[in-house]
Amino acid sequence: MSGVVTGCGVVSAAGDSVADVLTAIRAGTAVRADVRDRFAEPLPETEAPAIADFDVRALLGRKGTSFLDRATALAMVACGRALADGGLTLDDDNRHRVGVVLGTTTGSLKSTMDFSRETLVQDKPYLVNPVLFPNTVMNCAAGQAAIRYGLRGVNATVAGGPLAFLYALRYALNAIRRGYADALLVGGVEEYTPNTAWAARLTDAGPAGEAAAVYLLRRRGAEAVGARAEVLSVATGFAPDDADAGLAGCARRALAVADVRAADVWALAGDDGDCPPGVERLPVRQALGDCQAAAGALAFGALLARYAEEPAAAGRPALVTARSRDGGVAAAVVRGWAGGGDDHR
């Protein structure tokens, strides 16, 4: 059993739709916003691929948003957009079969580091602000999204850095295949803060970016009309000695499970892996920076936008790939159709 994507929700420096992400990738230049006045702490750059003018209160209202960290706020907005775009009406009969699976790197790095610092600088017995603690938990974004939208099904957070979205997609696909859920919001989120900016600079991965991209994945046969794509398979692996060969092998396994020939692949979304001649490449990093856990979700979105505008590609398989510095690899096989797309502006 495969999973069918029927809704998209995106918040990114490029814009608020998968079409905007694709446009930024095609431009071939980095998206930049002025970040000089956003934080009291110093930053390694004056401009970065960060989201401009994001105001969670304006988008979701004041109730329940006062103490949200940025990553959680981004994820909640993207989840709401994916639900609305997918046309899924929630009620007491189905909400226990609908859940959330989000990919992350470490949750909100800023929240964790700020809370840890409080334990060192506040008066004993370490009078830290308890309101800050929930934001330090890795699954804060998934939990808050479920609470806000009344989702009582599977709720999971999968850590994996650049692999996180594909890990989350694999988790969600398995949950649907095993009958634990009928629909899941699946995505990845990463915030831009001084903490992530300096981490990216010190590891030569920068500039740091930020985004949240979430997709409504439904059990095949239960999906509404207007399905955008079908996720046929996801494979993961670990190849610390030769990540290139490991990723190639991972892609072959994913194709084999999906019963797809490598020669039939027409597009490859993501920054990693060799792209054979004649296969269209959709990279993310050059346009949107190092988005870590959101990178794979943005690549997936760009692929959906490409399917939406290209009727000749309908039904043809594509790959989404990713790898980490320690040798982790992952690949997903996707088959999309024209006529999808979203626009929340």
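The values are calculated or read from the model by the stated rules, or taken from the named source; none is laboratory data. Since the structure is predicted, the reported quantities are computational estimates derived from the model, not experimental observations. Counting neighbours? That spans all protein chains shown, and the Cβs are built from the backbone with ideal geometry, glycine included. For accessibility, only protein heavy atoms count, side chains too; no ligands or nucleic acids. Shrake-Rupley method; radii C 1.70, N 1.55, O 1.52, S 1.80 Å.
Worth a mention:
- Ordered from highest to lowest accessible area with the whole protein assembly present and a 1.4 Å probe, Trp198, Trp337 read as Trp198, Trp337.
- Over all Cα atoms in the stretch 133-178, the spread is summed up by Rg and Dmax: 11.6, 35 Å.
- Most mobile of Ala52, Ala305, Ala269 in a GNM of the chain (Cα contacts under 10 Å): Ala52
- Within the chain, helix-based [θ] at 222 nm, where runs of 4 or more DSSP H residues each add -39,500 (n - 2.57), nearest 500: -10000 deg cm²/dmol
- DSSP bridge pairs, the stretch 174-329: antiparallel proportion in percent, nearest 5: 60 percent
- 11 Å beta-carbon shell around Gly153, net charge (K/R +1, D/E -1): +2
- Solvent-accessible surface of protein heavy atoms, probed at 1.4 angstrom with all chains present, puts Thr157, Thr72, Thr89 in the order Thr89, Thr157, Thr72, largest first.
- Solvent exposure of the chain amounts to 43 Å² per residue of accessible area, where only protein heavy atoms count and the probe is 1.4 Å.
- Computed label-point distance, nm, for sites Thr89 and Ala245 using a 7 Å Cα→Cβ extension: 5.6 nm
- Structure-derived Rg and Dmax of the Cα atoms in Å: which label, when the choices are [x] 20.6, 64; [y] 41.7, 176; [z] 19.2, 67: [z]
- Comparing Val56, Val214, Val11 in a Gaussian network model of the chain where C-alpha atoms under 10 Å apart are linked, the largest mean-square fluctuation is found at Val56.
- Between Gly209, Gly86, Val18, the Cα set farthest toward the positive side of the dipole of the chain (charges on each charged residue's Cβ, about the Cα centre) is that of Gly86.
- Once both labels are positioned 7 Å from their Cα atoms along Cα-to-Cβ, the gap between Val121 and His96 label points is 4.7 nm.
- Length released on extending from Glu310 to Trp266, taking residue separation times 0.36 nm less the Cα-Cα span: 14.7 nm
- Within the chain, antiparallel bridges make up roughly 70 percent of the DSSP beta bridges whose residues both belong there.
- Summing charges over all other residues whose Cβ lies under 9 Å from the Cβ of Asp182, with Lys and Arg as +1 and Asp and Glu as -1, gives +3.
- GNM result for the chain, Cα springs below 10 Å: residue of Leu173, Leu60, Leu184 fluctuating most strongly: Leu60
- Additional length obtainable on full extension of the chain from Ala27 to Arg152, 0.36 nm per residue less Cα span: 40.9 nm
- Electrostatic tally near Gly328: other residues with Cβ closer than 15 Å to its Cβ, Lys and Arg +1, Asp and Glu -1, net -2.
- Computing FRET efficiency as 1/(1 + (r/R0)^6) for Asp53 and Arg252, where r is the C-beta to C-beta distance and R0 is 56 Å, gives about 0.80.
- Heavy-atom surface analysis with a 1.4 Å probe gives the chain a carbon and sulfur content of 51 percent of its accessible area.
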